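Below: one structure, written as structure tokens.
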Amino acid sequence: MAEKLFAKFDLDFADNPKIIGLSCEAFRAFVESVLYSRQHLTDGFLDHRVVVRKWGTAVADELSTNDLKNPSWSPVENGW
């Protein structure tokens, strides 16, 4: 049996100032993206095609601008 992978969230994660103001869709996308990245061992990289199909560009824009200094997602070549 393969070893089960896990992703950890701090108990105060949802109360973080850059998280608490997210829309429901962006909050869910952020959590799902952490799980997706862990499951597929992408080291946090999210391919543009995956983001557009799973969560859409509006959510990607929200997560890329939810904090001026340290957004939840940062655009990079071909993804976030």
Report summary line: accessible surface per residue for the chain, probe 1.4 Å, DNA/RNA/ligands not counted, whole Å² -> 76 Å²
Query raised in the report: What's the carbon and sulfur percent of segment 20-65's accessible surface, probe 1.4 angstrom, rounded to a whole number?
Result: 55 percent
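Please give the charge dipole size of the chain, origin at the Cα centre, charges +1 on K and R Cβ atoms and -1 on D and E Cβ atoms. Round to the nearest 20 debye.
In total the dipole reaches around 200 debye.
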Report summary line: Of all trypsin sites (Lys or Arg not before Pro) in segment 1-78, the ones in DSSP coil with at most 15 other Cβ atoms within 10 Å are Lys4, Lys8, Lys69
Query raised in the report: When the Karplus curve 6.51 cos²θ - 1.76 cosθ + 1.60 is applied with θ = phi - 60°, which whole-Hz ³J(HN,Hα) does each residue of segment 29-46 get, with x for Gly and Pro?
Result: 4, 4, 4, 4, 5, 5, 5, 4, 4, 5, 5, 9, 6, 8, 6, x, 6, 10
Report task. Describe numerically, in nm with one decimal, the distance between label points set 7 Å from Cα along Cα→Cβ at Gln39 and at Val76. Result -> 2.1 nm
Query raised in the report: Whose amide H sits under 5 Å from the amide H of Gly79, counting only residues 5 or more places off or on another chain, with H placed in the peptide plane?
Result: His48
Query raised in the report: So what is the calculated 222 nm ellipticity per residue for the chain, using -39500 (n - 2.57) for each DSSP H run with n of 4 or more, over all residues, to the nearest 500 deg cm²/dmol?
Result: -12000 deg cm²/dmol
Query raised in the report: So what does Trp80 come to for accessible area, using a 1.4 Å probe and Å² rounded to 10?
Result: 40 Å²
**Report entry** Backbone HN-Hα couplings from phi across segment 17-26 [Karplus 6.51/-1.76/1.60, Hz, Gly and Pro as x]
**Finding:** x, 7, 9, 4, x, 5, 5, 4, 5, 5
**Report entry** Furthest towards positive pole of dipole, Ser74, Tyr36, Leu22, structure part the chain, Cβ charges
**Finding:** Tyr36
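The values are calculated or read from the model by the stated rules, or taken from the named source; none is laboratory data. Everything numeric here is computed off the predicted structure, so don't read it as measured data. Note that we place each Cβ from the backbone using ideal geometry, even for glycine, and neighbour counts take in every protein chain shown. Just so you know, the surface numbers come from the protein's heavy atoms only, side chains and all, with ligands and any DNA or RNA stripped out. Shrake-Rupley method; radii C 1.70, N 1.55, O 1.52, S 1.80 Å.
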